[in-house]
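What follows is one structure encoded as structure tokens, with my remarks underneath.
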Amino acid sequence: MLKSESPSYRAADENWDLTNGEDKAIESALDQIDREVEEAALRKDRLALEDAVSKYSHFITQRGSPRAMYGTAVALDKMAELEKSNRILEQSIDAYHRVLKAKDVPDKLYSVAADRCVALAQFRGWYNKAVEVTKEIVARFPTSLASMNKLGTIFLMLGNNAEASGTFRKALKLDPSSGYAKAHLGFALKQMSVVAAQEDEALDAQQMVQKRAVLEEAVQLFKEGIATRDEGVLDGRFFFHLGDALQRLGRRSEADEVYKEAAELGMIPSFWQRSLYNVNGLRSKPIWTPTEIGLEMELDTLKMNWEAIKWEALEILGTNERGDFVPEGESLKDTGFWAQFELFRQGQEVADNCARAPVTCGLIRAIPEVAGNRRGQVKFSVMKSGTHVHPHSGPTNCRLRGHLGLYVPQDAIGPSTRLRVADQYLEWRDGGMFIFDDSFDHEVWYSSTQNEPRVVLIFDIWHPDLSPELKRTLPAI
Ligand code: OGA
Ligand code: MN
């Protein structure tokens, strides 16, 4: 259960102003039902909870009592918890929401009901509902920084960076020193600038200047926000994206400072290793051999079959009018063209794609450490000449990433064609294989004087130090 505990409703012994003037007349009756709800929840007595709901409903129909509405919501909340029932949870969300619409609701009752309503809506994945209710809270308490920050955070969860940034700007009007608002505004702006840079293929000079300005503002906000050490700002994601923004601006030495600080604070595993979803205690180094992983034979078989794999990849590439190779979607590419054809994702075959690469998928299936890797992928990767991929790092330390060279033009050798991982360099060869840990910072360049593309097979192996138990239970990435 991710959700926080349902509120403990103790109007009787806490000095809460939950009761409006009209409800005062029935206050002791309401207190009594509230106590019954508490006790029924402790006894896990569903019938008693239903009973309380019908007692409250009497006061709702008779007098429109907001406190009885709230009591109903709490009872349903406890019932949903007891029964692990989404249907009752939804009823509880609606019941909390009704409190907000009631007549003459005291501020305190409003806040408690609204906060719980939003928390449950988020838990249920009803982000639009969470936005709707939070907007109502903001309208009622227009000077509440916490509510404005909450609204911005929900917009971020929805991936609505434009609304998020507008909302965090309003939060900063309320309190120009809010570190929470600064760091989150930085995050929203950075996402917008990076996504926009990806979408418009050819930016004109003025747009480039604008994108840079947004990124620069993001950097400033991240820095100021993190420096406040406010609750919620010491988050690996802020360091990660601050470093990335600085790198994209060409401010490499400042980026290095950020990664150093992030490593010192334990936000990332080390200066070079920058993943955010980690298992402690795994050996970590940028480059690995098949023997160290314990898959010498398996990976040798894969390598020996490189030509069969290559023909499957080239066949698919040759009929790519259908858009089978999908351009990289994480805004990592700086210049050029980089696309992928996915065969396995999160330990599952992509069935339609495997049907078109049966030999490759058969070979992969024979290596359960790859085929069953729920924190990785298997894919063909194509790059056109003139491609540069920004420095980046994968999300998790639980995998090691293999590249098998399939189509590597002879002229494509040297500093303009290689992969940097940490402070070391790797090069592709036809039928050649290397294995690196992609949670370490890495960067890719590719160019060919003959204007030929490069094609490789990328495959992720479970980290050899993970226990069978963890491989079974870690959430997929
Ligand atoms: C990677 C990566 C790009 C490529 O494998 O993680 O960024 O296709 N590689 O070479
Ligand atoms: Mn990568």
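The values are calculated or read from the model by the stated rules, or taken from the named source; none is laboratory data. This structure is a prediction, so every number in the text was calculated from the model and none was measured. Virtual Cβ from ideal backbone geometry, glycine too; neighbours counted across all protein chains shown. The protein model used for the area step is the full one, side chains on, heavy atoms only, and it has no ligands, DNA or RNA in it. Shrake-Rupley method; radii C 1.70, N 1.55, O 1.52, S 1.80 Å.
Scanning segment 74-88 for residues that are crowded, with 22+ Cβ neighbours inside 10 Å and either within 28 Å of the chain's Cα centre (by Cα) or not charged (D, E, K, R) (or both) yields V74, A75, L76, D77, M79, A80. Of all residues in segment 21-66, those satisfying the criterion of being open to solvent by 50 Å² or more (accessible area, probe 1.4 Å) and over 42 Å from the mean Cα position of the chain (by Cα) are G21, E22, K24, A25, E27, S28, Q32, K55, H58, T61, Q62, R63.
Only residues that are part of a strand (DSSP E or B), more than 28 Å from H241 (Cβ to Cβ) and touching a residue at least 40 places away in the same chain (Cβ under 8 Å) were counted across segment 403-429, and they come to 4.
Taking (1) in contact with a helix residue (DSSP H, G or I) (Cβ under 6 Å, 6 or more places away or on another chain); (2) touching a residue at least 40 places away in the same chain (Cβ under 8 Å) in turn, V258 satisfies each apart from (2). Just so you know, in segment 331-348 the residues that are under 27 Å from L474 (Cβ atoms) and either crowded, with 21+ Cβ neighbours inside 10 Å or among the aromatic types (F, W, Y) (or both) include one that is nearest to ligand 1 (Cβ to nearest atom), and it is F341.
Considering segment 149-168, and only residues there that are more than 16 Å from the chain's Cα centre (by Cα) and of a type in the set (A, V, I, L, M), the residue that is surrounded by the most Cβ atoms within 10 Å (Cβ to Cβ) turns out to be L151.
Looking only at residues in segment 365-381 that are among the aliphatic types (A, V, I, L, M) and crowded, with 22+ Cβ neighbours inside 10 Å, the one that is nearest to ligand 2 (Cβ to nearest atom) is V378. Does A351 satisfy the condition of being small (G, A, S), closer than 28 Å to E469 by Cα and crowded, with 16+ Cβ neighbours inside 10 Å? No, not satisfied.
Each residue in segment 283-310 was checked for being more than 13 Å from L363 (Cβ to Cβ) and among the aromatic types (F, W, Y), and 1 of them qualify. Restricting segment 354-364 to residues that are farther than 30 Å from N451 by Cβ and in contact with a helix residue (DSSP H, G or I) (Cβ under 7 Å, 6 or more places away or on another chain), the residue that is most open to solvent (accessible area, probe 1.4 Å) is L363. Answer yes if at least one residue in segment 372-391 is over 15 Å from L282 (Cβ atoms), away from ligand 1 (no atom under 14 Å from the Cβ) and modelled with pLDDT of 95 or more, and no otherwise. Within segment 372-391, one or more residues are over 15 Å from L282 (Cβ atoms), away from ligand 1 (no atom under 14 Å from the Cβ) and modelled with pLDDT of 95 or more. Do we have Q424 as over 25 Å from the mean Cα position of the chain (by Cα), surrounded by fewer than 16 Cβ atoms within 10 Å (Cβ to Cβ), at pLDDT 95 or above and more than 10 Å from ligand 1 (Cβ to nearest atom) here? Taking the combined requirement at face value, the residue satisfies it. What residue, of P464, P453, P391, is in contact (Cβ under 8 Å) with a residue 12 or more places away in the chain, in contact with a strand residue (DSSP E or B) (Cβ under 7 Å, 6 or more places away or on another chain) and open to solvent by 20 Å² or more (accessible area, probe 1.4 Å)? P453 is the lone residue from the list that is in contact (Cβ under 8 Å) with a residue 12 or more places away in the chain, in contact with a strand residue (DSSP E or B) (Cβ under 7 Å, 6 or more places away or on another chain) and open to solvent by 20 Å² or more (accessible area, probe 1.4 Å).
Within segment 440-461, none of the residues are more than 23 Å from E328 (Cβ to Cβ), more than 25 Å from the chain's Cα centre (by Cα) and outside any loop (DSSP other than H, G, I, E, B). Residue check: S253 meets all listed conditions (1) buried (at least 16 other Cβ atoms within 10 Å of the Cβ); (2) assigned to a helix (DSSP H, G or I) but one, namely (1). Screening R399, R375, R472 for residues that are among the basic types (K, R) and closer than 25 Å to D256 by Cα leaves exactly one candidate, R399.
For segment 396-405, check the following and say yes or no: at least one residue is of a type in the set (S, T, N, Q), surrounded by 18 or more Cβ atoms within 10 Å (Cβ to Cβ), closer than 24 Å to L317 by Cα and within 14 Å of ligand 1 (Cβ to nearest atom). No, there is no match, as no residue in segment 396-405 is of a type in the set (S, T, N, Q), surrounded by 18 or more Cβ atoms within 10 Å (Cβ to Cβ), closer than 24 Å to L317 by Cα and within 14 Å of ligand 1 (Cβ to nearest atom). All conditions but one from (1) within 22 Å of E312 (Cα to Cα); (2) open to solvent by 10 Å² or more (accessible area, probe 1.4 Å) apply to I477; the one that does not is (1).
Within segment 399-453, the residues that satisfy the criterion of being at negative phi and among the small types (G, A, S) are G402, G405, A412, S416, G432, S439, S447, S448.
Looking only at segment 409-421, residues that are under 17 Å from V382 (Cβ atoms) and open to solvent by less than 10 Å² (accessible area, probe 1.4 Å) come to 3 in all. Of the residues making up segment 412-445, those that are over 24 Å from T360 (Cα atoms), out of contact with any Asp or Glu (no Cβ under 8 Å at 6 or more places or on another chain) and more than 12 Å from ligand 2 (Cβ to nearest atom) number 7. Can you find a residue in segment 317-339 that is in contact (Cβ under 8 Å) with a residue 24 or more places away in the chain, in a strand (DSSP E or B) and farther than 21 Å from F440 by Cα? Scanning segment 317-339 turns up at least one residue that is in contact (Cβ under 8 Å) with a residue 24 or more places away in the chain, in a strand (DSSP E or B) and farther than 21 Å from F440 by Cα.
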